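Worksheet for the structure shown next.
Each value in this text was obtained by applying a stated rule to the coordinates, not by laboratory testing. Every value quoted in this text rests on a predicted model; they were computed, and no experiment measured them. Note that we place each Cβ from the backbone using ideal geometry, even for glycine, and neighbour counts take in every protein chain shown.
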Amino acid sequence: MSRPKNPENVYLVTCRVTGKTKPTNPVQFNKLCEKYKLNTYEMADSYVSQEGRRILLKEYLSPQEAVERYNLHMNVATDLVAPKKSKEVELV
């Protein structure tokens, strides 16, 4: 007989960037909560999948722009957005 699922754990999350719902491992989700210093409700509301992270990197948004566009928590946005390209230095 299988064990009942723990109601305290989060098993499905929706990416704020792509809008897709993804299954998650509760242990991995709790590690994300610790990494970004968020509670489970804030993390579930600001979750960004790997596909969403790629989109954020391509858009070159500032953290504030990512917060406004995708309604992310500032801790998540600060960590996931790419730094602005410098106009002074261009690699050849």
Cα-Cα P(r), region 12-80, percent of pairs per 10 Å interval: 22, 58, 20, 0
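With charges set only on the Cβ (+1 for Lys and Arg, -1 for Asp and Glu), what does the dipole of region 12-80 come to about its Cα centre, in debye to the nearest 20?
On the way: 10 positive and 8 negative charges, 52 e Å.
Dipole size: approximately 240 debye.
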Amide proton proximity set for V13, modelled H, under 5 Å, gap of 5+: K22, T24
Per-residue Cβ neighbour rank within 10 angstrom, fewest leading, E34, E51: E34, E51
